[in-house]
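Engineer: One structure coming up, written as structure tokens, with questions to follow.
The values are calculated or read from the model by the stated rules, or taken from the named source; none is laboratory data. Because the structure is a prediction, the values reported are computed rather than measured. When we count neighbours, we look across all protein chains shown, and the Cβ atoms used for this are built from the backbone with ideal geometry, even at glycine. Note: areas computed on protein heavy atoms with side chains; ligands, DNA, RNA excluded. Shrake-Rupley method; radii C 1.70, N 1.55, O 1.52, S 1.80 Å.
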Amino acid sequence: MAAATAVRAAGRRSRGLFDIFVAEIPWTVSTKELKEYFSQFGSVQRCQLPFDRDTGFHRRYCWIKFSTPEEVQNVFQKDSHVLEGSKLTLKQQIRRRRSQRRNQSE
């Protein structure tokens, strides 16, 4: 149990390091396909697509990290993103340093 809790906590911390949250991903799309699609906008450093342990399917959302802020802006220049006939929902993540988060909570 402690290991699972540690993994979940690490996942929550790492999400702040990603640039874009992507939802409504079709079940048939893989991490590789997501990386290939988003690489047209810039260098994809990481794609985190979480899977459900019980079903074995991914949860239909992911986080994408790019090399530069300009690459992130390239993604949002396009009006809509469609993979396998499904329109993806994108949200830009706000990057904050730990010191900035602490100052805001005080």
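Engineer: Amide H of Leu83 versus every other amide H placed in the peptide plane: which residues, excluding those fewer than 5 positions away on the same chain, fall under 5 Å?
Structural biologist: Leu88
Engineer: State, to one decimal in nm, how far the label point of Phe21 lies from the label point of Ser86, with both points 7 Å from Cα in the Cβ direction.
Structural biologist: The answer from the label model is 1.7 nm.
Engineer: Sticking with this structure for a sec: Given contacts defined as C-alpha pairs under 8 Å and at least six residues apart, what's the relative contact order of segment 19-92, whole-number percent?
Structural biologist: 45
Engineer: Related question: Enumerate the amide H contacts of Gln45 below 5 Å, restricted to partners 5 or more residues apart or on another chain; note that Pro and chain-start residues carry no placed amide H.
Structural biologist: Lys65, Phe66, Ser67
Engineer: Give me, ordered by chain and number, the residues 5 or more places off Gln93 or on other chains with an amide H under 5 Å from its own placed amide H.
Structural biologist: Result for Gln93 returns Ile20, Phe21.
Engineer: Determine the per residue accessible area of segment 19-92 with all protein chains present and a 1.4 angstrom probe, expressed in square angstrom.
Structural biologist: Accessible area per residue: 60 Å².
Engineer: Here is a further query. Give, rounded to the nearest 20 debye, the magnitude of the charge dipole that segment 19-92 has about its Cα centre when Lys and Arg contribute +1 at Cβ and Asp and Glu contribute -1 at Cβ.
Structural biologist: 160
Engineer: List the lysines whose Cα sits under 16 Å from the Cα of Lys91, skipping any in the same chain fewer than 8 residues away.
Structural biologist: Lys65, Lys78
Engineer: In addition: Could you check how much of the accessible area of segment 19-92 is carbon and sulfur, as a whole percent, using a 1.4 Å probe?
Structural biologist: Result for segment 19-92: 47 percent of the exposed heavy-atom area is carbon or sulfur.
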